[in-house]
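Structure first, then comments.
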Amino acid sequence: MAFSYSLGGATLKTLKLAAIPSYSSILRPSLLLLSPPKTLNIHSLHHFIKNQSFPYLSRALSVSAPVPTLQTEDDKVLKLQWKAAIDFKWIRENKDAVASNIKNRNSTADLDLVLELYERLLNLQKEVERLRGERNVVANKMKGKIEPSERQKLIEEGKNLKEGLATLEEDLIKLTEKLQQEAQCIPNMSHPDVPIGGEDCSGLRKMVGSPREFAFPIKDHLQLGKDLDLFDFDAASEVSGSKFYYLKNEAVMLEMGLTNWSISEVMKRGFTPLTTPEIVRSSIVEKCGFQPRGTNTQVYSIEGSDQCLIGTAEIPVGGIHMDSILADSQLPLKYVAYSHCFRTEAGAAGTATSRGLYRVHQFSKVEMFILCRPEDSDAYHQELIEIEEDLFSSLGLHFKTLDMASGDLGAPAYRKFDVEAWMPGLGRYGEISSASNCTDYQSRRLGIRFRPSSEQPSSNSKKGKANVGATQFVHTLNATACAVPRMIVCLLENFQQEDGSVVIPEPLRPFIGGLDRISPKS
């Protein structure tokens, strides 16, 4: 989407759709009934239909923080974009395992091309080092007393070496960039217990409750919202486009109550609350393991800048400690972040998954995020899942927790559990949260390390300026505490009454002014 116009003398920046593979967190992208156009001007805006102990873990594919440069002979600095610290040697030595993982995850990564580029890079590096060595030999010879004719010969030889070296160094930059682009498509390795196959192959971890039996004809959340005057999709469509909405009356209180309740409950488990920026640099999106460019649009990017709207608070929270060395005593770091999220939801979803609040372009979400020692990440993954299950159980929801199959894992996820709640109005289960262990896939890209307590402690310095010896990359995990629109869907549909009212679950009542029921307006 792109639009630009002036308002009160200020020019609004242009938004352009950029692509990202499926998010590992809640609300996976699906196809819309109509695909959004690549660009949109203000005149057509209202028409727009608008992520220990397993042997592979120690070599998780991922990124170092510094931006590499090459100094040429004429002092021209060739600068690369951020560089992923991918262990290409390990990939080459474990080619079969990596290839199998790529296949199992339905990834489009081209492993053969990556290895081919890597071999070419090694050979080019050797040639560059050879020429540098010859250049140094020539330079040393010119320091002594030599005949003028010999000096002139050395000058010519040095000039030729300089020109040849400059060409090779430029080739090295280009080859490195190409290798990075291809290698960054390789997904994280998968937990050995991850089921192999598509979403239908996912394993059942837990089933909580059973579907409520209704003694009257049930309504879906769209009809309930209309009868109770809670939503306005029509006005939002005129103002912003399809898949936007206004919340009204008690629905506004419900959103705020759900947000405050979930943050309050998670804080009891030792999480630090945050609100986050909702615009981030596209490089941060990339470092978190997503691709904000391409044709499969999932990210709104701001045209003429290097910025994007976030699709999940996981991205800005992941950037808080970017390029830092943390003290062992600081771990684990636990955050619970509130933000709005923006997703293009491009693609072709059936009507069952696209109706009403279920799949929208903008929504509020409370996200949990943990940075921990590598040996602790499996345990914290279990903790995140248990927090989610405790939250949804306390509201009286019927849901199941799934161990997601390999074909449904986003690139950063080593393992992912989804929670799907029963939505009687829609007549099916719908995803309301997910919890992912990303091991060190993101932290290597973001440059987040820690110094084990056996080493001398160092300051939490930015840009890695402290002594970086004997440091390790942290593991990162993320999980959804509350995706507000889908929770509203669950609450309205599951707790509707025969008289048209909706009962508010008891844990939420203190957070919405003591309201215990939403009743039809007289």
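The values are calculated or read from the model by the stated rules, or taken from the named source; none is laboratory data. All values derive from a computational prediction rather than experimental measurement. Note: ideal-geometry Cβ built from the backbone for every residue, glycine included; neighbour counts use all protein chains shown. Please note that ligands, DNA and RNA were not included when accessible areas were found on the heavy atoms of the full protein model with its side chains. Shrake-Rupley method; radii C 1.70, N 1.55, O 1.52, S 1.80 Å.
For the reader, a short list of remarks on this structure follows.
- Output for the range 412-435, where each listed residue is surrounded by fewer than 22 Cβ atoms within 10 Å (Cβ to Cβ), touching a His at 6+ places or on another chain (Cβ under 8 Å) and modelled with pLDDT of 95 or more: TRP422
- Of the residues ASP87, ASP112, the single one that is acidic (Asp, Glu), closer than 30 Å to GLY319 by Cβ and modelled with pLDDT of 80 or more is ASP87.
- Selection from the range 340-359 of residues that are modelled with pLDDT of 95 or more and out of contact with any Gly (no Cβ under 9 Å at 6 or more places or on another chain): HIS340
- So LEU371, is it farther than 25 Å from GLN298 by Cα and either aliphatic (A, V, I, L, M) or in a helix (DSSP H, G or I) (or both): yes
- Figure legend. Inter-residue proximity from the range 104-130: first residues farther than 30 Å from GLY407 by Cβ, second residues open to solvent by less than 40 Å² (accessible area, probe 1.4 Å) and polar (S, T, N, Q), beta-carbon distance below 7 Å, spacing 6+ or different chains. Indicated pairs: LEU121/THR176.
- Pairs where the first residue, in the range 318-342, is under 25 Å from VAL366 (Cα atoms) and open to solvent by less than 10 Å² (accessible area, probe 1.4 Å) and the second is part of a helix (DSSP H, G or I) and among the polar types (S, T, N, Q), C-beta under 7 Å, 6+ apart: GLY318/GLN442
- Looking only at the range 173-212, and only at residues there that are in a helix (DSSP H, G or I) and farther than 23 Å from ARG444 by Cα, the one that is nearest to the chain's Cα centre (by Cα): GLU199
- Among the candidates ASP378, ASP323, ASP306, ASP328, the residue that is in contact with a helix residue (DSSP H, G or I) (Cβ under 6 Å, 6 or more places away or on another chain), charged (D, E, K, R), in the same structural domain as PHE231 (by the TED database) and more than 21 Å from GLY257 (Cα to Cα) is uniquely ASP306.
- Of residues in the range 464-491 being at pLDDT below 95 and under 22 Å from the mean Cα position of the chain (by Cα), the one nearest to LEU395 (Cα to Cα): PHE473
- Residues within the range 396-411 that are of a type in the set (Lys, Arg) and surrounded by 22 or more Cβ atoms within 10 Å (Cβ to Cβ), tallied: 0
- Residue satisfying condition, being at pLDDT 95 or above and outside any strand (DSSP E or B), within set SER264, SER283, SER242: SER264
- Scan of the range 215-231 for residues that are open to solvent by 50 Å² or more (accessible area, probe 1.4 Å) and not in a helix (DSSP H, G or I), ordered by number: ALA215, PRO217, ILE218, LYS219, ASP229
- Which numbered condition VAL98 misses (of (1) of a type in the set (Val, Ile, Thr); (2) assigned to a loop (DSSP other than H, G, I, E, B); (3) under 30 Å from ARG415 (Cβ atoms)): (2)
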